[in-house]
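The values are calculated or read from the model by the stated rules, or taken from the named source; none is laboratory data. None of these values were measured; they are calculated from a predicted model. We place every Cβ from the backbone using ideal geometry, glycine too, and count neighbours over all the protein chains shown.
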Amino acid sequence: MTEKMAIYKCNVCGNIVEVINPGVGELVCCNVPMELLSEKSSDEEFQEKHVPVISTENDTKTIRVGSIPHPMEKEHYIMFIEAISKDGKYITRKYLNPHEEAKMEFKINPQDEFTARELCNIHGFWSSEK
Ligand SMILES: [Fe+2]
């Protein structure tokens, strides 16, 4: 059984997919089950920092990846940053390329709450939720 907004990766070809509508079937790519990328929220074991850091200025929210800026090199970079409203109805996502800053800004009602997530091409999926 999959879950809405879960992210899966094919460890053979590198396909990464997101579940829009959960089902009971197993996700398979290249004839092998896809790996569920579980959300991590503590990066004590890594030198680079991955947990999204959220700041607010007036009606603008900024999400940065890591308390120390994450590398953005061709071999190791943040693939996307996203914000999901607490009710799960709205997602804002920014896709990134190597050499761009691992940062996303967006406007939001200041009292609206959301969770930030990001995907590192080496170290996986990270969330601001504990
Ligand atoms: Fe990383």
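Of all the listed residues (Glu26, Glu35), the sole one being charged (D, E, K, R), more than 16 Å from the ligand (Cβ to nearest atom) and touching a Phe, Trp or Tyr at 6+ places or on another chain (Cβ under 7 Å) is Glu35.
Report the residue count in the range 96-117 for those that are farther than 16 Å from Ser41 by Cβ, away from the ligand (no atom under 16 Å from the Cβ) and assigned to a strand (DSSP E or B). Residues meeting the conditions: 4.
Could you figure out which of (1) away from the ligand (no atom under 16 Å from the Cβ); (2) closer than 20 Å to Lys49 by Cα isn't true of Lys89? Checking Lys89 against (1) away from the ligand (no atom under 16 Å from the Cβ); (2) closer than 20 Å to Lys49 by Cα, the one that fails is (2). Would you confirm whether any residue within the range 22-45 is on the phi < 0 side of the Ramachandran plot, touching a Leu at 6+ places or on another chain (Cβ under 7 Å), at pLDDT 95 or above and in a loop (DSSP other than H, G, I, E, B)? Among the residues of the range 22-45, at least one is on the phi < 0 side of the Ramachandran plot, touching a Leu at 6+ places or on another chain (Cβ under 7 Å), at pLDDT 95 or above and in a loop (DSSP other than H, G, I, E, B), which makes the answer yes.
Looking at the range 63-78, which of its residues are exposed (fewer than 15 other Cβ atoms within 10 Å of the Cβ) and outside any loop (DSSP other than H, G, I, E, B)? Hits for the range 63-78 are Glu73, His76.
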